[in-house]
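Everything below concerns the one structure shown next.
The values are calculated or read from the model by the stated rules, or taken from the named source; none is laboratory data. Quantities reported herein were computed from a predicted structural model and do not represent experimental measurements. Cβ placement follows ideal geometry from the backbone for every residue including glycine, while neighbour counts extend to all protein chains displayed. These accessible areas exclude ligands, DNA and RNA; they are computed on the full protein's heavy atoms, side chains included. Shrake-Rupley method; radii C 1.70, N 1.55, O 1.52, S 1.80 Å.
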Amino acid sequence: MAEKEIAKIYEPKDVETKWYREWESKGYFHADALSAKPPFSIVIPPPNITGVLHMGHALNNTLQDILCRWKRMSGYNVLWMPGTDHAGIATQNVVERQLAAEGKNRFDVGREAFIARVWQWKKESGGQIIGQLKRLGASCDWERERFTMDEGLSRSVREVFVRLFEDGLIYRDNRLINWCPRCHTALSDIEVEHEEQKGHLWYLRYPVTGSDRCLVVATTRPETMLGDTAVAVNPADDRYRDLIGGSVRLPLVNREIPIIADDYVDMEFGTGVVKITPAHDFNDFEVGKRHNLDIINVFDESGVINAAGGQYEGMERFAARRRIIADLTAQAFLEKITDHTLALGGCYRCKTVVEPYLSLQWYVKVKSLAEPALAAVMGDNPRTRIYPDQWRRNYIDWMENIQDWCISRQIWWGHRIPAWYCGQCGKITVTRVDPVICGSCGSDGIRQDPDVLDTWFSSALWPFSTMGWPDKTPELAAFYPTSCMVTGFDILFFWVARMMMAGIHFMGDVPFREVYIHALVRDAQGQKMSKSKGNVIDPLTVIDSYGTDAFRFTLAAFAAQGRDIKLAEERIAGYRNFANKIWNAARFALMNLEGFDPDPVKYEDLRLSEGEKWILHRLNETVRETNRALDDYRYNEAAMGLYQFTWSEFCDWYLELSKKELYGDDQERKRAARYVLWYVLEQLLRLLHPFMPFITEEIWQTLPGKKPAPSIMLAPYPTPRDDRNFPEAATNMEKVMAVISAIRNIRGEMEVPPSKEIAVILSCASSESLSLMKHNEGAILSLARVADLAIGRDIEKPQDASIQVAGDVQIFVPLRGIVNVEEEEKRLGKEITRFDKDIDFLGKKLDNTSFVERAPADVVAKEREKLAEFTGKRRLLEESLEKIRKLK
RNA sequence: GGGCGAAUAGCUCAGCUGGGAGAGCGCCAGCCUUACAAGCUGGAUGUCGGCGGUUCGAUCCCGUCUUCGCCCACCA
């Protein structure tokens, strides 16, 4: 470290760009498929090309990067496969909005030109999230970056579609599906988000034919009455039994429709009479099938009433509702309106209320795919383990109740369905290569299905399509199945479940060995972050103001399993301070390591102090804990352990302890101190690197000594070292630290300013303590700021001294001129009361014969010890208090 | 309607397999002690949501209730 002054405050910005560029350009992120090292692979949940980095991405990718950096340093051949998703509906929406701004729609420009325009948009602005992931420090193998619509992945999609079709697992059917009237496309069941809303139940009178009775039906959607083709009652319902087989006349429409009986009708609900609209309700559709009812579709694809709606044709569905209610009211067909809450389905892309809509769509038959995907997570040793376990239950429930997957979408941006219809024979041709003639009759009058595949169809193949499938590639051989999938629970069904099905079916093995499901990032109040609420914290703004490392560390420290993260900005500031603390500890070290070369140092020859042994021992324990925690995805525990070690032990204690050695003249001691300082810091930086990649690299590069690698990200991750375990020394040091703390406590309580040096007498009750305290005299002198220290066996307490007890050491601080007698009296009183409580508690516990008899012997012994210790201390304090009182 | 999760210091949260609770921020007191005031030292604060049960012993296990949150579900 040169004479150049290092800034007191860590400035992340330049450091981050500098090192990221270095890592990437040197190819440190690149995985070699032919490496001899054991593989560790993760495929990134590909962000949408329309995406900008939000908190969810930041958390997700930070957690992945921590794993990747940790494993890479631990000797694995790490592949983190990156890429982006074409995000069919979302991306199409973006470009359609652009067109709308120009006063056009996609039909004006035509399919080909529209798709060209989407590609153009992708080229210009589709990659920004990749740059943002880089700012986050993501160590992805960018050389392998893929896109769900690139050539290779499109080939995988085509292959999968054809094979499933050939196996009879893909079929076409005409049934009710969820339809978004705004996106003009079908949606799968899970793409519909249900939300509870306050609505109404309208009770409508349907006059019974040939009678002056009316049947009253309750409905939440009165406008669909235009498509009613029956009313239904429960066959067991005595109220209506006589009317079954009869008919009613549909108001406004004047259509005569039958009264049918069906078990589906709940007698308890509403009036026990249900209007049946097979074209616009999933239940009614089933009822209609059972009873062979007509299906009258009254909407067009935009949710506007069509010709079947007679006088209401051309009205938007909600306008039609208002009008129809008004008309029914006017004609006395409306009996009453009651409040009713219902779960309305909305499009997950645009929130528009979806419409059950009859149409011809493509489906994947999932039953046979789901079975092995279910089996793979079952048992004590599942092929794929889901963390935390609670999510396994969710996965299982969903897989067990899985419905066929509607995969066709009526949009233009996506993988076009490789099916051609013959105008001659009407047969379908599905092939790997675009056909020119019908596969059945040879006619050239074929045309391709206009629909594209659900975006999640290609996502399902991601773990193997990105590695070159269907070819047999070295990547697949080396990295499939992947080691781990890190993702949020919101796409457990959309994505994880489908990757499982596809992976097992096409690769013959699960796509990943482990799945780690992390939580959602919310605001400090626990609200979901959303633009409309205005509570969004932008990760990039956070990075700008606090630095990437602080931000990453915050996310890791918050990432407790199974719990959402409530992110408050103050916390990030707290970890920014932590980064700064590391920075300043490094400044201290570098200043004191000037001219020091650790390489020739023989560790075995060093004469280590108690404090040095203690910090080495604690480092070893921290190493052990960090590795163990990361192994179990306990990111928060790993982060908190490192935080505590760094700040409370390394900085607060060790650095302070080291000063007297570093500043002293004993060259042998100095050498040991420098070595330990260098060693612990060097190891600590490696431990922290997966969490805080930039600052650790910046400091690490300036440390003296020969580097094991050109970058800290390639240096071996610390593992515990047997030659650095000092359990005994560590315990001893803790005793010394307790004495120092006790002296500081007197100082603090007595308000003795740090500038005022004091005299202290230590009275030890054992020879062990005596030699320990003598041995660590220097530490006590400097850390407790003591000028005059006397240490002896069983020293009589001076009359006018303040007392503290630490283990079997009594600490006397002569009062005269320093301590206020009243203050001391108060302090002692407080301490005594505190002991009284514990003594009382322990006494009662030990008096309880069933405790003494039944509790394990070691627990009882421990409690006895504690009682004796407390009683002893209390007695000392009591004596001291009496003496003090005499002084008054 | 089914399932899951949460309730711990003023706030945000830890607390792995039961032996009378921790952190950060905030608060109080004293400090510019030559790495760091984004800092140092000391201190205060909790019927661990309520009620039962199991146990020698429960923040932790079981039951139940209350209050929040989430997921799934075709009750019109």
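Along each principal axis of its Cα atoms, how long is region A:494-640 end to end? Whole angstroms, biggest number first, please.
60, 46, 24
Given the convex hull over the Cα atoms of chain A, what projected area results after averaging over all orientations, in nm²?
Answer in nm², one decimal: 52.1.
Would you grab the residues whose amide H sits under 5 Å from the one on A:Ile170? Only those 5+ places off in sequence or on another chain, please, with H modelled 1.01 Å from N.
Under 5 Å from the amide H of A:Ile170: A:Phe165, A:Lys365.
Ignoring ligands, DNA and RNA, what percent of the 1.4 Å accessible area of region A:117-264 is carbon and sulfur?
Answer for region A:117-264: carbon and sulfur cover 46 percent of the accessible area.
May I ask you to give the solvent-accessible area per residue for region A:145-300, in square angstrom, as obtained with a 1.4 angstrom probe?
On a per-residue basis, 43 Å².
Restricting to Cα pairs below 8 Å that are 6+ residues apart, what does the relative contact order work out to for region A:740-789? Please round to a whole percent.
50
List the residues whose amide H sits under 5 Å from the amide H of A:Cys214, counting only those 5 or more places along or on another chain, with H placed 1.01 Å from N in the peptide plane.
Those qualifying (amide H under 5 Å, at least 5 residues apart or on another chain) are A:Val208.
Run the numbers for A:Asp564 and A:Arg221: contour at 0.36 nm per residue of separation, minus the present Cα-Cα distance, in nm.
119.8 nm
What do you get for the angle between helix A:317-330 and the principal long axis of chain A? Use alpha-carbon atoms, 0 to 90 degrees, nearest ten.
Value to nearest ten degrees: 60.
How far is the Cα center of region A:283-315 from the Cα center of region A:701-715, in Å?
Going from one Cα centre to the other spans 72 Å.
Report the charge-dipole magnitude of region A:678-819 in Debye, nearest 20, computed about the Cα centre from +1 at each Lys and Arg Cβ and -1 at each Asp and Glu Cβ.
Around 280 debye, computed over region A:678-819.
Which angle between 0 and 90 degrees, to the nearest 10, do you get for helix A:55-73 versus the longest principal axis of chain A when only C-alpha atoms count?
The helix A:55-73 is inclined about 60 degrees to chain A.
Tell me, what HN-Hα J-couplings in whole Hz come from the Karplus equation 6.51 cos²θ - 1.76 cosθ + 1.60 at θ = phi - 60° for each residue of region A:775-790, using x for Gly and Pro?
Going residue by residue, I get 4, 10, 3, x, 4, 5, 4, 7, 6, 9, 6, 9, 8, 9, 10, 10 Hz, with x marking Gly and Pro.
When the accessible area of region A:351-390 is split by element with a 1.4 Å probe, what percent falls to carbon and sulfur?
With neighbouring chains kept in place, the figure for region A:351-390 is 55 percent.
In sequence order, what are the phi-derived ³J(HN,Hα) couplings for region A:842-847 according to the Karplus relation 6.51 cos²θ - 1.76 cosθ + 1.60 with θ = phi - 60°, rounded to whole Hz, with x for glycine and proline?
Result, rounded to whole Hz: 5, x, 4, 4, 6, 6.
Would you kindly find the accessible area of A:Leu688, with a 1.4 Å probe and non-protein molecules such as ligands, DNA and RNA excluded, rounding to the nearest 10 Å²?
Estimated to the nearest 10 Å², A:Leu688 gives 0 Å².
Taking R0 as 51 Å, what FRET efficiency do you get between A:Glu878 and A:Leu714 from their Cβ-Cβ distance, rounded to the nearest 0.05?
FRET efficiency, A:Glu878 to A:Leu714: 0.25.
Can you sort A:Thr219, A:Thr431 by solvent-accessible area, 1.4 Å probe, largest first?
A:Thr431, A:Thr219
With θ set to phi - 60°, apply the Karplus curve 6.51 cos²θ - 1.76 cosθ + 1.60 along region A:161-178 and write out the HN-Hα couplings as whole Hz, x wherever there is a Gly or Pro.
So the J values, rounded to whole Hz, are 4, 4, 4, 5, 5, 5, 7, x, 9, 10, 8, 10, 8, 9, 8, 6, 10, 7.
Per residue, how much space in cubic angstrom lies within the convex hull of the C-alpha atoms of region A:1-63?
With only Cα atoms used, region A:1-63 gives 193 Å³ per residue.
What are the residues whose amide H is under 5 Å from the amide H of A:Glu335, where those residues sit 5 or more places off or on another chain and H is modelled from the backbone?
Those lying under 5 Å, H to H, from A:Glu335 are A:Tyr203, A:Leu204, A:Arg205.
Accessible area per residue of region A:508-636 at 1.4 Å probe, in Å²?
41
At 1.4 Å probe size, with every protein chain present, just tell me what the per residue accessible area of region A:381-497 comes to in Å².
40
Accessible area, 1.4 Å probe, largest first: how do A:His184, A:His775 sort?
Heavy-atom accessible area, descending, gives A:His775, A:His184.
So if the hydrodynamic radius of region A:256-319 is defined as the Kirkwood radius over C-alpha pairs, what does Stokes-Einstein give as its diffusion coefficient at 37 °C and 0.692 mPa s, in µm² per second?
250
Can you pull the one-decimal nm distance between simple spin-label points at A:Thr341 and A:Arg97, each 7 Å off the Cα toward Cβ?
3.2
Hey, what's the Cα Rg ratio for region A:281-387 versus the globular rule of thumb, 2.2 N^0.38 Å?
Taking N as the residue count of region A:281-387, the ratio is 1.64.
Using a 1.4 Å probe on the protein chains only, how many percent of the accessible area of region A:734-782 belongs to carbon and sulfur?
53
Please express the shape of region A:704-808 as an equivalent ellipsoid: the semi-axes are the square roots of 5 times the eigenvalues of the C-alpha gyration tensor, given largest first in whole angstrom.
Semi-axes from the Cα gyration tensor: 37, 18, 11 Å.
Label-point separation (nm) for A:Phe269 and A:Asp14, each offset 7 Å from Cα along Cα-to-Cβ?
Placing both labels 7 Å beyond Cα along the Cβ direction yields 6.8 nm.
Let me understand region A:330-478 better: what is its radius of gyration from the alpha carbons, and its Dmax, in angstrom?
22.2, 75
What is the angle, in °, between the Cα long axis of helix A:727-750 and the longest principal axis of the Cα atoms in chain A? Nearest 10 is fine, range 0 to 90.
Helix A:727-750 sits roughly 80 degrees off the main axis of chain A.
Compute the distance in nm between two label points, each set 7 Å from the Cα along the Cα-to-Cβ direction, one at A:Tyr28 and one at A:Asp836.
In this crude label model, A:Tyr28 to A:Asp836 measures out at 6.1 nm.
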